[in-house]
Amino acid sequence: MRAFVVKFEFQDGYIYPWNYGFIPETTAEDGDALDGILLGKTPIPQGDVVRSVALGVLKLRDRGVDDHKIIALPVKHRLLTNWSNTDKLPSEITNGILSAMREMARQKKKKIKILGFSNINEAEAEIRRAHERFIEVA
């Protein structure tokens with residue numbers, strides 16, 4: 001039986017503004033599944049799988065290990081034509097993502113280094129590498 005386990009909950013009244021999860025059948029540099037931030041206002045129930053389109057990737061290091069986050073939108077999201085790449089995202093979204101990552105690190109008492117956003121091509125390459133790692137390990 002597969003189970004989804006909550007690994008972290010924000011404290012101090014902080015509410016994460018988007019859905020945060022992982023891309024199935026991937027293994028990231030840190031040994032976990034590749035993380036994903038799914039933009040949009042609709043809460044996704046834990047365990048649901050949502051077909052999505054990568055817009056880009058937030059590159060960061062967590063305690064010296066790459067821990068990149070794929071930024072995505074659901075495939076039929078109304079803003080997909082406007083936000084086709086991370087460089088098209090409004091600054092309040094990108095600043096919000098950065099703020100959320102810093103808050104998560106603060107609450108987990110982790111030291112992270114934010115390397116910046118990269119485009120859709122980098123995101124797709126990151127997903128391919130993570131999928132290949134998954135196949136090698138499986």
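A few comments on the model shown:
- Residue within region 54-77 that is more than 16 Å from residue 99 (Cα to Cα) and in contact with a His (Cβ under 7 Å, 6 or more places away or on another chain) present: no
- Qualifying residue in region 106-113 (condition: touching a residue at least 12 places away in the same chain (Cβ under 8 Å), under 17 Å from residue 18 (Cα atoms) and among the hydrophobic types (A, V, I, L, M, F, W, C)): no
- Between 31, 36, the distinction of being at pLDDT below 95, among the small types (Gly, Ala, Ser) and closer than 22 Å to residue 137 by Cα belongs to 31 only.
- Listing of strands (runs of 3 or more DSSP E) fully contained in region 1-103 that carry 2 or more residues being out of contact with any Cys (no Cβ under 7 Å at 6 or more places or on another chain) and among the β-branched types (Val, Ile, Thr): 52-62, 69-74
The values are calculated or read from the model by the stated rules, or taken from the named source; none is laboratory data. This structure is a prediction, so every number in the text was calculated from the model and none was measured. As a convention, Cβ positions derive from the backbone with ideal geometry for all residues, glycine included, and neighbour counts pool all protein chains shown.
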